[in-house]
Amino acid sequence: MAMAIFKGGVHPEYRKELTASLAISVAPLPEKVVIPLQQHIGAPCEPLVEVGDAVKTGQKIGESEGFVSAPVHASISGRVTAIGPYNHPLGRKVAAVTIESDGQDEWDGQIGPLENYVECSPEELRDAIREAGIVGMGGATFPAHVKMSPPEGKAIDTVIINGAECEPYLTADHRLMLEEPEKVVIGLEVMMRVLGAGKGIIGIEDNKPDAIRVIGQLIEDKPALSVVPLKTKYPQGAEKMLIQVITKRQVPSGGLPLDVGVVNHNTGTAAAVADAVLTGRPLIERVVTVTGEGIRRPANLKVRLGTLVSELTELCGGLSDDTRKLIVGGPMMGLAQPTTDLPVIKGTSGILALTGEEVELIESDTCIRCARCVAACPINLVPTFIAQAAEHGRFARAEKLHAADCIECGCCAYVCPARIPLTQWMRVAKAEVLARRKG
Amino acid sequence: MNDNLVISSSPHIRTFQTVRGVMVDVLIALGPVVAVSILLFGYRALLTMTVAMLAAMLAEALWLHQWNIFGDGSAAVTGLLLAMTLPPDVAWWIPAIGSVTAIIIGKQVYGGIGNNIFNPALVGRAVLVVSWGTHLVGPIWPVPKPFHFFADISAVTTATPLAGEAEALGTTLSQLFIGNTGGCLGETSAMALLLGGLWLLYKGHIDWRIPGAFIGTVWLMGTLFGGAFYNNSVTTGLFHLLAGGVLLGAIFMATDMVTSPVTPWGKLIFGVGCGLITMLIRLFGSYPEGVTFAILTMNALTPLLDKFTIPRKFGEVKQVA
């Protein structure tokens, strides 16, 4: 069967070989964790603990009244030593709870599996997912239970698990699918049950044939589930691209996947859902790929949330002296950080250290209208025109050119021979256009 | 701790492609054409090309106050392309004036690379045609002397195949394809031009739409309205395609990124327009050849084409009711 493809996209160097064959290793229990009270899109949590309190692993320490929000939990047992602003991967300081470990890793005694989860009602399952603080673990960190609460009248027929992992370097999802495929499948089945969806599909890029095989074998006798191999092309894992390729449905501009009857979750999110129903354990750890030419010993690590990045880079042999860029996430969409003194959060899929060679700081030339950005844009925009409009402050024009539809995948800036920071301008344009619509 | 950490907006990796790299690839693509023109017309071809490139590069370097005369390579491309549109035995000062005009009037006065409206090489050629036309578009052209580098090519002359029906019939299609016929440096050998075009397509520097639509339109117009003088109507279409500057224009001139549309539909319409105007001039105009003015006219329409052909964004059609 010929694989469907989406329009545009790019083929960066994937560099996944640095970590693709390395089994997930469990990072040693950290002595200190910093748990930001906001690790998701939506309302921030209020702390439920005070400085000096003793907390147990898995204990809820932050909660919000808001629907679009997700609670946060202690990822180790110990004592709360501080509550206050701390560095956050998003670039600003965010209120966070600092816990110093007692070395016991003693779990909260109230935590237990959902009795016979197969019999549970969708509502019970959804509540369990919310209580577990599960958010989109591919990086978007949208609260999972919100995606599983479609508005009245929107029927969901398909749940898609995004195993594309199209970002270069990252292999966390790949290893998870190889090593804990049952969890991914159970998570998918739970989500289908919550949404009443009849079909479950796991999409995996064809540069991970072993994962395609392993998951394929596991679901052989489950007719409702299937694995769809995807052509390896960035941004194959972008929600809209993934849904189009798998279901042939286009998410309408400004709409959501549920508008076309689809809900789409990351591999890690599915595994977290499985954990939540099988063991009752909330989301307190995740797989992080620590990689890049600046990392001496790259690894796939299972780490407690709130572990400081500096601790992980030390664990992997330290940063090389020529490291010029430290990125949380992948190289196409990740966020560059000024420091390693910041915590791993729910959406942290990778820690990437790039060295001088890769991080060129080149002044941009004039646009030569080569239209490579037009060909690369998966959303069919004309990035160079939008960037020009943004540069000149002509945001009405940027809006007419559909700046608000940009998914910030980075393809336009990646291909630009004049090295114009197109994606950055797209963000400027998009933010301004959206702000004007609101105001 | 690490003061060296650089903060910038994603993406954090880039292609190795640069503007200079694109220009170097265009020069490479012109390689076969250059080789064939030297094979056919000897040292005169080499001289014309060298003067044109040097004049273009010097003019640009002087204007920009830079020592590196190659710069981003775009001036070398402009100079070489201009040379391609000149007769092989043209006086040496013609390419010099043409190149300087191309760089200064065609490009730098607009603000340099990326900002010019018209294809600089064609601006240079247009000024030459209007000012020193007798040196460029006369009825008499040197006959190629393959493999004779020092040949005096002006000794034996002929008319170009486009000059009239009799001249056309004196030239076979395979002669046109190989390039063993009278004409400008870069337009005689279809084979060499196509080779360069394939290279540019392979490297992704040009899109098939402009050359495809341009060539397709010329062939269609030649077939339908060419009068079938060349055996039958289909071969007449082919004749129009292979003779004169259509391939050079379609592959190297109309595809100039700066002066052609960026949108897919814009490119298609641009190509069709180039073909249409070329053939209108050839069939009904007073010049035997119309490629230059066809492309320049479409250059002027480029902003308009872009404006009206903004692609339909993802998810725009299938609004769920």
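The values are calculated or read from the model by the stated rules, or taken from the named source; none is laboratory data. What you are looking at is a predicted structure, and each value in this text was computed from that prediction instead of being measured. Note that each Cβ is placed from the backbone with ideal geometry, even for glycine, and that neighbours are counted across all protein chains shown. Heavy atoms of the whole protein, side chains included, go into the accessibility calculation; ligands, DNA and RNA do not. Shrake-Rupley method; radii C 1.70, N 1.55, O 1.52, S 1.80 Å.
General observations
- Condition check for B:F314: open to solvent by less than 40 Å² (accessible area, probe 1.4 Å), part of a helix (DSSP H, G or I) and not β-branched (V, I, T): no
- From B:A76, B:A55, residue being at pLDDT 95 or above, open to solvent by less than 10 Å² (accessible area, probe 1.4 Å) and not in a loop (DSSP other than H, G, I, E, B): B:A76
- Scan the stretch A:62-83 for residues that are touching a His at 6+ places or on another chain (Cβ under 9 Å) and either among the β-branched types (V, I, T) or in the same structural domain as A:G133 (by TED's automatic domain parsing) (or both) and the total you get is 2.
- Across the stretch B:96-130, the qualifying residues are those that are part of a helix (DSSP H, G or I) and free of Cβ contacts under 8 Å to residues at least 24 places away in the same chain, and the one among them that is nearest to the other protein chains (Cβ to nearest Cβ) is B:Y110.
A quick yes/no check of all residues on (1) surrounded by fewer than 22 Cβ atoms within 10 Å (Cβ to Cβ); (2) in the same structural domain as A:A140 (by TED's automatic domain parsing); (3) over 21 Å from the mean Cα position of the chain (by Cα):
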position	(1), (2), (3)
A:P378	no, no, no
A:G393	yes, no, yes
A:R397	yes, no, yes
A:A403	no, no, yes
A:I407	yes, no, no
A:A418	no, no, yes
A:P421	yes, no, yes
A:E432	yes, no, yes
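- Any helices (runs of 4 or more DSSP H) falling wholly within the stretch B:154-223 and containing at least 2 residues that are within 21 Å of B:A35 (Cα to Cα): B:173-178, B:190-202
- The single condition among (1) assigned to a loop (DSSP other than H, G, I, E, B); (2) within 12 Å of chain B (Cβ to nearest Cβ) that A:T313 does not meet is (1).
- Sole residue being touching an Asp or Glu at 6+ places or on another chain (Cβ under 8 Å) and assigned to a loop (DSSP other than H, G, I, E, B), chosen from A:I379, A:I368: A:I379
- Residues of the stretch B:230-270 satisfying the condition of being under 30 Å from B:K313 (Cβ atoms), of a type outside the set (A, V, I, L, M, F, W, C) and more than 13 Å from the chain's Cα centre (by Cα): B:P261, B:T263, B:P264, B:G266, B:K267
- Summed over the stretch A:176-197, the residues that are assigned to a helix (DSSP H, G or I), open to solvent by less than 30 Å² (accessible area, probe 1.4 Å) and out of contact with any Pro (no Cβ under 9 Å at 6 or more places or on another chain) give a count of 10.
- Residues that are among the acidic types (D, E), crowded, with 24+ Cβ neighbours inside 10 Å and out of contact with any Asp or Glu (no Cβ under 8 Å at 6 or more places or on another chain), drawn from the stretch A:133-175: A:E167
- The residues of the stretch A:240-262 that are in contact with a Pro (Cβ under 6 Å, 6 or more places away or on another chain) and either surrounded by fewer than 23 Cβ atoms within 10 Å (Cβ to Cβ) or within 9 Å of chain B (Cβ to nearest Cβ) (or both), listed by number, are A:M241, A:V251, A:L258, A:D259.
- Qualifying residue in the stretch A:339-349 (condition: crowded, with 24+ Cβ neighbours inside 10 Å and either at the interface with another protein chain (Cβ under 9 Å from one of its Cβ atoms) or over 30 Å from A:P85 (Cα atoms) (or both)): no
- Residue list for the stretch B:229-255, restricted to those being open to solvent by less than 40 Å² (accessible area, probe 1.4 Å) and not in a helix (DSSP H, G or I): B:Y230, B:A243, B:G244, B:G245, B:A254, B:T255
- For the stretch B:268-295, a tally of residues being open to solvent by 20 Å² or more (accessible area, probe 1.4 Å) and closer than 28 Å to A:A376 by Cα returns 3.
- A:L335 passes every criterion in (1) open to solvent by 10 Å² or more (accessible area, probe 1.4 Å); (2) at the interface with chain B (Cβ under 10 Å from one of its Cβ atoms); (3) more than 20 Å from A:L37 (Cβ to Cβ) apart from (3).
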